[in-house]
Amino acid sequence: MTYAHTDQLAPTTQPDPAWLGEQIRQLRKLRKLSLQQLSTATGRSIGFLSQLERGKSQPSVSDLNKLASALAVPYSVFFSQAPQHERGLVVRQAHRPVLHYAEGVSDALLSPGFGGELQLMLSRFAPGASSGAQTLTHGGDQGGMVLCGELELWVDEHCHHLQAGDSFSFNSSRPHRYRNPGTVETQVMWAYTVSN
């Protein structure tokens, strides 16, 4: 999976250390990485990363690039454009992190941050794009609504053909996969719960 990078150079403002540390901690937990694994991936010590997550140390541009790569997020995620009173509450359209997958699927994160049990995504599926041949299973629940286009949704190997306006929900432990069978882009508003 690759991610949209809208800024090749470091932003001119430094992220708030406490806010930045919390984002890194939430992302690390979301990716189910230990501090040791993140240390190995970034070449930084466990002590430094622990202090960073607690807002006690300031990373370099190189550190942030390595962290973005290890956590599979765009570098810009670490530089919130939101005013202090909106952080953790509001995501402006222009500042959504966008994740691009090799299968022609992209997800825009609509949730304000990576913590919490509820996550919201706007998924886009190119014609013929799918989640892959293998079924997915994980914890939590998920649901959504097709905003435009059409979606084939397999749950327990039963195929449900959904059109714009159709909605769905199921426990994520049930084997599932999906595909855009149409000739135009499909957009799905997706909500899911995650285990912290």
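The values are calculated or read from the model by the stated rules, or taken from the named source; none is laboratory data. Keep in mind that this is a model prediction, so the values were computed, not measured. A quick note on method: Cβ atoms are made from the backbone with ideal geometry, for glycine too, and the neighbour counts reach across all protein chains shown. Side chains are part of the model used for accessible areas, which takes the heavy atoms of the whole protein and leaves out ligands, DNA and RNA. Shrake-Rupley method; radii C 1.70, N 1.55, O 1.52, S 1.80 Å.
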Self-check item: Share of carbon and sulfur in the accessible heavy-atom surface of the chain [1.4 Å probe, %]
Solution: 52 percent
Self-check item: Spread of Cα-to-Cα distances over 5 Å intervals beginning at zero, given as percent, for the range 92-186
Solution: 3, 13, 21, 26, 23, 11, 3, 0
Exercise. Would you tally the net charge around Ala129, using a Cβ to Cβ cut-off of less than 13 Å, leaving Ala129 out, and scoring K and R as +1, D and E as -1?
Key: -2
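Local charge sum around Tyr192 (other residues, Cβ-Cβ under 12 Å, Lys/Arg +1, Asp/Glu -1)? If you can, show how the numbers build up before the last one.
Values: positive: none; negative: Asp107, Glu117, Asp141.
The answer is -3.
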Practice problem: With all protein chains present, calculate the accessible area of Glu117 using a 1.4 Å probe and round the result to the nearest 10 Å². | Solution: 120 Å²
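Taking the Cα centre of the chain as origin and charging only Cβ (+1 Lys, Arg; -1 Asp, Glu), how large is the dipole, in debye to the nearest 20? Each step should come with its number before you reach the end.
Values: 16 positive and 16 negative charges, 150 e Å.
Magnitude of the dipole: close to 720 debye.
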Practice problem: Using only protein heavy atoms and a 1.4 Å probe, report how much of Lys29 is accessible, in Å² to the nearest 10. | Solution: 110 Å²
